[in-house]
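Q: Let me begin by handing over the structure; questions about it come next.
What follows draws every value from the coordinates through simple rules; no lab data is involved. Note that this is a predicted model, so its numbers are computed, not measured. Cβ: placed from backbone, ideal geometry, glycine included. Neighbour counts: every protein chain shown.
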Amino acid sequence: MSFADFISLGPLITLFTAVVISMLLIAIRRNHRITYAFSLLAYLMALTAIIPAMLYIPHTVPPLLVVDEFSLFNTGLVLTSGFIILLLSYNYFEEREERKEEYYLLLPLATTGALVLVVSRHFMSLFLGLEILSISLYGLIAYLRARERSDEAGIKYLILAALSSAFLLFGMALVYAFTGHMDFPGIGAALRQAGYIPVTVLAGFGMMLIGIGFKLGVVPFHMWAPDIYEGAPLPVSAFIATISKGGMLVVLIRFYVDIHGNDYSMIWWMLAIVAVASMFVGNWLALTQQNIKRILAYSSIAHMGYILVAFLSGVQTGLEAISFYLVAYFITSIGAFGVLIVMSSSVQDAETLDDYRGMFWRYPWVATVFTAMLLSLAGIPLTAGFIGKFYIVMAGVNGHMWFLLFMLVINSVIGLYYYIRIIAMMFKTPATGEVTYIKPSLPVAGNITLMLLTLILIGLGVYPTAMMQLIQQMMKMIV
Amino acid sequence: MILLLLITIPLAGGLLSWIAAARNTLWSRYIALACLLTDLAIAGQIWATHPASGGRWLYQYKVDWVPHFGISLNLAMDGLSLLMLVLTFFLGALAVLISWKEINQRVGFFHFNLLFVLAGITGVFLTMDLFLFYFFWEMMLIPMYFLIGIWGHEHREYAANKFFLFTQAGGLLMLLAILALYFIHGANTGVYTYDYFSLLHTPMQQETARWLMLGFLIAFLVKLPAVPFHTWLPDAHTEAPTAGSVILAGLLLKTGAYGILRLVLPLFPEASVYFAPWIMFLGVLGIIYGGMLAYAQTDLKRLIAYTSVSHMGFVLVGAFSFNVLAYEGVVMQMIAHGISTGALFIIAGALYERIHTRNIQEMGGLWSKMPVMGSAAMIFVMASLGLPGLGNFVAEFLILLGSWQANRWITIFAAIGLVVATAYSLRIMQKVFFGPGDRQYALPDLNKRELVIIVALVMAILLLGLHPQPVLNTSQKTDYVVR
């Protein structure tokens, strides 16, 4: 491993080393606060390690990894999100009586998996990253062992993830059998040389889609999402909604660009059907839910559908749109889950719609944050979500995807309905004499984090230019 | 710069009055009132001093916002915007006044929402950048949603949701059309921009232009509202608090009309001519159908709401007549309807405060109890049915005069609408103020605050009817599409 390799992969190595050290720390002395502080430090160091890595871009670590602007940007995104989730986690686990420290091993480990995905451009590293991510997630989802739903969710995820990994592997094998390559550019070149996609490769792609689609939680591989979101500890749900999906999406983008996916109409159609189905199924099923975690799960399915629309537009703007949307979606999702975390008490998570009745009049501040997050998910102006959705629609119009855009518009309206349903609930007059599980005082750290997220959310909604320029520049490099 | 100020004053005022309410709710009301009166004074000052001759554009202000996409903070004011702004701040200030006693819960948040709606409306009337237009268009929605959903009557949530979904669906279609226009303009000229002035005269095929025009038009037809997109309106108007109804009827509907005048006609002149007969037909349908439905209502606010559908039909007929007479009539109608319908909603609100019902079957004989309110209502009901000497007469007369040159049959049916208007208007007076009443107890007549509001409105409607020339002069300073 050369020096340049070492520096380029700095963030990854830092975080991974930190996991090992923190394991030793726990072995020496169990202390929630120390472990927590150390993990925060680890994320910060990994984030700073991005700066020297910028000197060497674009840099490939043949044959598995590539570090360019795109991967560094997403590395930053993943690490920042992980950091924020970690910030929100402390109180949540402190209030619950299980052993807390191992959580701080698993979360950075899962983040490491996502980081591997972000820099990978080879089937091997893809699978490696995916498995690091998945295996850590098994543990994380079932972390609150005393809770029945948590266990159930963990086992469900274990079985389905293992199954989908098997499909993914089989798909990779089929693609390899024909092209003789496992690195993305190699596959692209081999296919271009052949001039068509043979059935075996198509079947391979289809099977890979099952594996990838499962991680992204798109229809028809979405069944797990609501149960896992509901059962997992809230910070873990936030992690699954953002980092796990985002990491996978980044590989998908790289793969699709490298194999020139737009040239093959079959792949396009497969993804288009998945996109439309995700939008409709996600929004439709969210309509009748009473549990906010489940609503968020279904809404995230729909959001992946929106992202796929930009993906399918086949223009450079589309890729930019995805990156921007991802940033907006990360902030918004973490913010929404953050509100849930802050509002949950040690007795029960605040998850039913009724828990939020009249919340605005009791906790005006948190309710305002939640309203901002939901409006951003709905794509209403002054929020990052609006600019994101605008960007996606713009990409779609640019690529003449009229049908997909109409589907997106219809779904935006459906989506709006359940978002405003939650908002309306928060502004209702609280029923008198009702027993609520919501706690009297809210943690300070959580509130500050939420405030920062809201500021970023509105900042991006009002002045998106800087972020756009960054993304545009970065996307020029990879296409 | 002064244009930016017009938008930022209510924004800042909204935040300030929300904060102030924590200390003292009275401050919150005074702050809101002061902001709107300041804006009214600025707009009035511009109106009083703007040169009678010279260019159309009185003020312009432009800075880049997202240069990457060709989005700029592009504000401009011509005669049409100016008139609409004066109306906005006038009704806005009255809306604060009528809520003085009606709204006594969550006062700060109420004024925050009120001022934000008004800021959004101001933005819509001023912006010359299509992205910004959509931005402000959406920005009006959320606070309005809260105004209806929190301070409304019994079925407020249903009404608020319906309002939100209808307008949002229309708005998204407009967004698609805006984006398509953006890309077509970019592809044909190489300049990617949302600037209104650049997008005028975008070269494109007629087929495309028609589709795009429909995208814009549906958003505005929903807002206007035209039959068959009107079903949100009676619910929203009925369930909203009085201030909300005034703003909905007086201002929000006008943004739809304004959008047609400002965007649909100038951007797609040929397509507009192509669809004109159909749209005028929708307008006439609205006039007559809205009027008939109004006649059938028993809920006073619902009745007034349906009269809006009827009156807005005239706007549609006038806007697609393509001659200056009709346009002046349309602008006049927008203002006169804003004032007369706003006033009727205020009276309905005042009645509700006193007798706690909106059902006109349970009213009757109220003239003898409240003669002042009765005579005020008489004036506005007469305005609504188009009595000469009041603003609405001038407006509808001009529209009919203009549309006669464009389409005779449409005009004839639109004129029949005036008869329907007479029927429902007189029914209001008959059922509410005349006829037998079984109330033995005394009811308080208008108090000083309400008197100030009503007198201001009466003055306005009389001035519009008797001396409409200043308004007509100003309205000529805009960009009409004449065939």
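Q: Please report, in whole Å, how far the alpha carbons of segment A:264-479 spread along each principal axis, starting with the longest.
A: Sorted largest first, the three principal extents are 61, 35, 25 Å.
Q: Also, I was wondering about something else. Contact order normalised by length for segment A:108-236, with contacts defined as Cα pairs under 8 Å and 6 or more residues apart; what percent is it?
A: 29 percent
Q: Shifting gears a bit: How large is the dipole of segment A:264-479 about the Cα centre if only Lys and Arg carry +1 and Asp and Glu carry -1, each at its Cβ, rounded to the nearest 20 debye?
A: 120 debye
Q: Now for a separate question. Can you give the three extents of the C-alpha atoms in the protein assembly as shown along their principal axes, from longest to shortest, in whole Å?
A: Answer, in whole Å and largest first: 92, 64, 45 Å.
Q: Select from B:43, B:455, B:194 the residue farthest towards the positive end of the dipole of chain B; place +1 on Cβ of Lys and Arg, -1 on Cβ of Asp and Glu, and compute about the Cα centre.
A: Checked the options; the winner is B:455.
Q: A further question on this structure: Taking other Cβ within 10 Å of each residue's Cβ, how do B:370, B:204, A:373 sort, fewest first?
A: B:204, B:370, A:373
Q: May I ask you to sort A:236, B:458 by Cβ crowding, counting other Cβ atoms within 10 Å and putting the fewest first?
A: Result, fewest neighbours first: B:458, A:236.
Q: Identify all lysines with a Cα-Cα distance to residue B:477 below 20 Å; exclude those on the same chain that are fewer than 8 residues away in sequence.
A: Those lysines meeting the cut-off are B:254.
Q: Shifting gears a bit: Before anything else, pin down the relative contact order of segment B:161-310: Cα pairs under 8 Å, at least 6 apart, normalised by residue count, whole percent.
A: Over segment B:161-310, the number comes to 25 percent.
Q: Now for a different question. Nearest 20 debye, what's the magnitude of the dipole of segment A:305-430 about its Cα centre given +1 on Lys and Arg Cβ and -1 on Asp and Glu Cβ?
A: So the dipole magnitude of segment A:305-430 works out to roughly 260 debye.
Q: Follow-up. With each pseudo-label sitting 7 Å past Cα toward Cβ, what's the residue A:269-residue B:423 distance in nm, one decimal?
A: A separation of 5.8 nm, rounded to one decimal place.
Q: With +1 on each Lys and Arg Cβ and -1 on each Asp and Glu Cβ, and nothing else charged, work out how big the dipole of chain A is about its Cα centre, in Debye to the nearest 20.
A: Using only the charged Cβ atoms, the result is roughly 380 debye.
Q: On to the next question. Check each of the GluC sites (Glu not before Pro) in segment B:132-200 and keep only those in coil by DSSP with at most 13 other C-beta atoms within 10 angstrom; list them in order.
A: Here the sparse-neighbourhood loop sites are B:154.
Q: Just counting partner chain Cβ atoms within 10 Å, what average do the residues of peptide A:408-416 show around their Cβ?
A: Counting Cβ atoms of other protein chains within 10 Å of each residue's Cβ and averaging gives 4.
Q: Among A:249, A:455, what is the fewest-to-most ranking by other Cβ atoms within 10 Å?
A: Ascending number of Cβ neighbours within 10 Å: A:455, A:249.
Q: Can you give the average number of partner chain beta-carbon atoms within 10 Å of each beta-carbon in peptide B:167-179, as a whole number?
A: Taking the mean over all residues of the peptide, I get 5.
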